[in-house]
Amino acid sequence: MAGGQTGVAAYLRRHRLLYGDTLFLPGGAPMPGVPSTPDNPAEPGQLLAFHRKIENCQNCALGASRNKFVFGVGDPHADLVLVGEAPGAEEDRLGEPFVGRSGKLLDTILKAIGLSRQSVFILNVLKCRPPDNRDPLPSEVAECEPYLQEQLRLIQPKLIVALGRVAAQTLLKVKDSLKDMRAQTYTYSGIEVRVTYHPAALLRNPNFKAPAWEDFKAIRDRYLELTKGGPSA
Ligand code: SF4
């Protein structure tokens, strides 16, 4: 009984953070101010407003140990969203995902496929840094994932790229190896998902660079198919 009440309280707390005081009932008609849908794109500024709404979150223990909340960066209406696992030390210090050496490498890869940090959106499953960069706990993911879902609903990308095994397993709730996941296409909240290496893995092991480049060329081609009707010549 107490557990059920706790679960309801947690649900309502998250719901209020996401939607304010408007109550949504399963199967109920959308009410004024509902989040965006494909036919009802988000207004400019909604993502920023959502950032402001959740940036002081303390829903899990990571809220107390973080230096900076890391919401994500990029185009609020990007067609491509890149998803990492959680902020690391530099990200926690600066409040931005994928900074430092791995972030610079990601910028270089994006440039090589005709994109930039400004033309995509980059975020993590968790918005706060786990101590010593440990893997996210399932309870932390459960608390934080509604934020990711709302970000995706506001951004409405056509393609998601999961960076690294842990990010992909956390996002997709699978236990497959990175090799197996790289070979497949998934969906998350109705959006197509591709999986590839985390840039930090490419820095640790240069042997991964060639297969990662193949992944990103395929990601570029799929991105062009989804956004412009086909890969460029
Ligand atoms: S990790 Fe997510 S749920 Fe936990 S405190 Fe940070 S924003 Fe809140």
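Would you confirm, using the coordinates I've provided, whether Ser139 is within 16 Å of the chain's Cα centre (by Cα), polar (S, T, N, Q) and open to solvent by 10 Å² or more (accessible area, probe 1.4 Å)? Reasoning before the result, please.
Working: within 16 Å of the chain's Cα centre (by Cα): no; polar (S, T, N, Q): yes; open to solvent by 10 Å² or more (accessible area, probe 1.4 Å): yes.
No, not satisfied.
For the stretch 157-171, check the following and say yes or no: at least one residue is within 15 Å of Ile54 (Cβ to Cβ) and touching a residue at least 12 places away in the same chain (Cβ under 8 Å). Step through it out loud before you land on a result.
Let us first name the residues in the stretch 157-171 that are within 15 Å of Ile54 (Cβ to Cβ), namely none.
No.
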Inset, instruction - Taking only the stretch 118-135 into account, find how many residues are part of a loop (DSSP other than H, G, I, E, B) and over 14 Å from the mean Cα position of the chain (by Cα). - result: 6
Inset, instruction - Give me the pairs, please: first residue somewhere in the stretch 88-112 and of a type in the set (Val, Ile, Thr), second residue anywhere and open to solvent by 30 Å² or more (accessible area, probe 1.4 Å), beta-carbon distance under 6 Å, and either six or more positions apart or on two chains. - result: Val99/Glu90
Legend entry - Glu145 within 11 Å of the ligand (Cβ to nearest atom) and either part of a helix (DSSP H, G or I) or among the small types (Gly, Ala, Ser) (or both): yes
Legend entry - Members of the stretch 142-167 that are over 10 Å from the mean Cα position of the chain (by Cα) and among the small types (Gly, Ala, Ser): Ala142, Gly164
Legend entry - Selection count where residues are outside any helix (DSSP H, G or I), open to solvent by 80 Å² or more (accessible area, probe 1.4 Å) and under 26 Å from Glu192 (Cα atoms), scope the stretch 44-82: 2
Legend entry - Qualifying residue in the stretch 132-142 (condition: in contact (Cβ under 8 Å) with a residue 40 or more places away in the chain and either among the charged types (D, E, K, R) or within 24 Å of Ile113 (Cα to Cα) (or both)): yes
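Each row is one residue, and each column tells you yes or no for (1) at pLDDT 95 or above; (2) β-branched (Val, Ile, Thr).
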| residue | (1), (2) |
| --- | --- |
| Phe50 | yes, no |
| Ala61 | yes, no |
| Val70 | yes, yes |
| Val83 | yes, yes |
| Asp92 | yes, no |
| Ala112 | yes, no |
| Leu123 | yes, no |
| Asp135 | no, no |
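Looking at the stretch 158-173, is at least one residue in a loop (DSSP other than H, G, I, E, B) and open to solvent by 10 Å² or more (accessible area, probe 1.4 Å)? Steps first, answer last, please.
Let us first name the residues in the stretch 158-173 that are in a loop (DSSP other than H, G, I, E, B), namely 158, 164, 173.
When the remaining residues are screened for being open to solvent by 10 Å² or more (accessible area, probe 1.4 Å), the result is 158, 173.
Looking for residues that are in a loop (DSSP other than H, G, I, E, B) and open to solvent by 10 Å² or more (accessible area, probe 1.4 Å), one finds at least one in the stretch 158-173, hence yes.
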Legend entry - Unmet requirement for Lys127, which otherwise passes all of (1) open to solvent by 10 Å² or more (accessible area, probe 1.4 Å); (2) within 16 Å of the ligand (Cβ to nearest atom): (1)
Legend entry - Check on Ala86, of a type outside the set (S, T, N, Q), assigned to a loop (DSSP other than H, G, I, E, B) and within 12 Å of the ligand (Cβ to nearest atom): yes
Inset, instruction - Working only within the stretch 175-194, note down all residues that are of a type in the set (Lys, Arg) and either surrounded by fewer than 16 Cβ atoms within 10 Å (Cβ to Cβ) or on the phi > 0 side of the Ramachandran plot (or both). - result: Lys175, Lys179
Legend entry - Test: Asn133 is within 9 Å of the ligand (Cβ to nearest atom) and surrounded by fewer than 21 Cβ atoms within 10 Å (Cβ to Cβ): no
Legend entry - Checking Ile219 against (1) modelled with pLDDT of 95 or more; (2) out of contact with any helix residue (DSSP H, G or I) (no Cβ under 9 Å at 6 or more places or on another chain); (3) open to solvent by 20 Å² or more (accessible area, probe 1.4 Å), the condition it does not meet: (3)
Inset, instruction - Please enumerate the residues belonging to the stretch 51-83 that are within 13 Å of the ligand (Cβ to nearest atom), within 15 Å of the chain's Cα centre (by Cα) and closer than 18 Å to Asp135 by Cβ. - result: Val70
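The values are calculated or read from the model by the stated rules, or taken from the named source; none is laboratory data. Just so we're clear, the structure is a prediction, and the values are computed from it rather than from any experiment. Note that each Cβ is placed from the backbone with ideal geometry, even for glycine, and that neighbours are counted across all protein chains shown. We work out accessible area using only protein heavy atoms, side chains counted, and drop any ligands, DNA or RNA first. Shrake-Rupley method; radii C 1.70, N 1.55, O 1.52, S 1.80 Å.
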